[in-house]
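This report refers to the structure that appears directly beneath it.
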Amino acid sequence: MTKILLQIIFLIGFCISSYSQKSEMSNAFKNKEFEKVIQLGKQLIESEPNDFDGLLGIGKAYNILNEFNKAIPFLENARNCSENDWQFAWSNIELMESNFAIGNIEKANKFYKKSLEYNGTKNSTKKLNGLALLFGFHSFYESWETLETDNITFHFQNGTSIINKESFINEREEAFLNINTFFSSDLPKKIDFFVWKSNDEAIKILNNSLGFTNPKYCISHNRDTQTKGHEITHNISFWFDNTNNRNRLINEGIGVYFDQTNSNRTQNAKNTLQSKKIDIKEIWLNANQYSEEILYPIAGAFVESLVLIDKEKFLELCKNQTYENAELIYGKELEKIILDFNKKLNK
């Protein structure tokens, strides 16, 4: 009797401990403490190797941190431990994401199709539909034409204004090579470069205006009239250091500076301002408050000035684009850089 009682007490304590760890993992997710999620999850599966919540939590956290190869073993184990539809749905969706992000496109598509077989949760279904449209897996893309180069997979919607696709493709492949000569980034997969016939249709299907890039997956969705290099640059610069802390001024400035148009960026910025005065520090700190029409030309001119001043310091800034980090990189020189740039544009 005593032995049975001790076993019951042990099981109750074990369940309480497991519940406590899962609660901590949930709170860590809410607080975006993904390293902590992984740590707690690994502690949980040490004692319960087949715990679905622990395995899925670790895999999801690794995906969020762009550590896709590390995510896959945990997600495969989560799928093997699944018992309910929602568990099969989540594990297959996360495996779709991981495999797509490292270039296993066919495998990712199989996980997508497998995910459709299960009744997932509201959140898992939303993620599945969103990724399917982003990745090009959705049936909407069945009529699109796909062509590949060494670094880019192009997806063309019927009805674009592009007359010579070969020239269009070659120009963007060359742009990729030119831009990556500067960054020397190691992308995990080819860029998936979607070319839409109209912005209105993209908004209707994707609920997002063109062009935009999701660089963690090396994906760009584009208007057919966009510059050769802007969205390609966002993919390349992201993978220069995929843990980077991006700021809108610097990030969009990078896209404009490397857009391959070779325009006079300082003059473009002056034309945009039309004699209005600016302070680049204020824009840096509050970049989200400015429209694309104002921000982009100014950002492109500012990034150009930073590159010309010191390429190595600029590359260091690319990893963490905050103003505070710029102060650490440039020191007292930053005040002069900003002062000189303000004077140049405020003439």
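Assorted remarks:
- For Ile236, the conditions (1) touching a Phe, Trp or Tyr at 6+ places or on another chain (Cβ under 7 Å); (2) open to solvent by 10 Å² or more (accessible area, probe 1.4 Å) all hold with the exception of (2).
- Qualifying residue in segment 239-260 (condition: in contact with a helix residue (DSSP H, G or I) (Cβ under 9 Å, 6 or more places away or on another chain), in a loop (DSSP other than H, G, I, E, B), surrounded by fewer than 20 Cβ atoms within 10 Å (Cβ to Cβ) and on the phi > 0 side of the Ramachandran plot): yes
- Summed over segment 165-181, residues that are buried (at least 18 other Cβ atoms within 10 Å of the Cβ), in contact (Cβ under 8 Å) with a residue 40 or more places away in the chain and either in contact with a Leu (Cβ under 9 Å, 6 or more places away or on another chain) or of a type outside the set (A, V, I, L, M, F, W, C) (or both) total 2.
- Qualifying residue in segment 23-42 (condition: open to solvent by 20 Å² or more (accessible area, probe 1.4 Å) and among the aliphatic types (A, V, I, L, M)): no
- Within the set Glu106, Glu48, Glu94, Glu67, the sole residue that is touching a helix residue (DSSP H, G or I) at 6+ places or on another chain (Cβ under 8 Å), more than 16 Å from Ile219 (Cβ to Cβ) and open to solvent by 40 Å² or more (accessible area, probe 1.4 Å) turns out to be Glu48.
- Positions within segment 117-162 being within 17 Å of Phe193 (Cβ to Cβ), among the hydroxyl-bearing types (Ser, Thr, Tyr) and either at pLDDT below 95 or surrounded by 16 or more Cβ atoms within 10 Å (Cβ to Cβ) (or both), in sequence order: Tyr141, Thr149, Thr153, Thr160, Ser161
- Qualifying residue in segment 260-270 (condition: free of Cβ contacts under 8 Å to residues at least 24 places away in the same chain, more than 27 Å from Leu177 (Cβ to Cβ) and among the basic types (Lys, Arg)): no
- Only residues that are over 27 Å from the mean Cα position of the chain (by Cα) and surrounded by fewer than 17 Cβ atoms within 10 Å (Cβ to Cβ) were counted in segment 269-291, giving 7.
- Among the residues listed as Glu48, Glu106, the single one being among the charged types (D, E, K, R) and in contact with a Gly (Cβ under 8 Å, 6 or more places away or on another chain): Glu48
- Every pair of residues 6+ apart whose Cβ atoms lie under 8 Å, when the first sits in segment 26-44 and is under 15 Å from Glu67 (Cα atoms) and among the charged types (D, E, K, R) while the second is outside any helix (DSSP H, G or I) and open to solvent by 10 Å² or more (accessible area, probe 1.4 Å): Glu35/Leu65
- Answer from Ala326, Ala287 - the residue that is over 21 Å from Phe183 (Cβ atoms) and aliphatic (A, V, I, L, M): Ala287
- Restricting segment 292-329 to residues that are within 24 Å of Lys270 (Cβ to Cβ) and of a type in the set (Ser, Thr, Tyr) leaves a set whose member that is most open to solvent (accessible area, probe 1.4 Å) is Tyr296.
- Hits in segment 78-91 (condition: in contact with a Ser or Thr (Cβ under 7 Å, 6 or more places away or on another chain) and either surrounded by fewer than 17 Cβ atoms within 10 Å (Cβ to Cβ) or in a helix (DSSP H, G or I) (or both)): Ala78, Arg79, Trp86, Phe88, Ala89, Trp90, Ser91
- Matching residues, segment 199-224, being of a type outside the set (Asp, Glu), touching a residue at least 24 places away in the same chain (Cβ under 8 Å), farther than 14 Å from Phe135 by Cβ and not in a helix (DSSP H, G or I): Asn222, Arg223
The values are calculated or read from the model by the stated rules, or taken from the named source; none is laboratory data. Not measured: the values here are computed from a predicted model. Here Cβ is always computed from backbone atoms with ideal geometry, including for glycine, and neighbour counts include all displayed protein chains. Side chains are part of the model used for accessible areas, which takes the heavy atoms of the whole protein and leaves out ligands, DNA and RNA. Shrake-Rupley method; radii C 1.70, N 1.55, O 1.52, S 1.80 Å.
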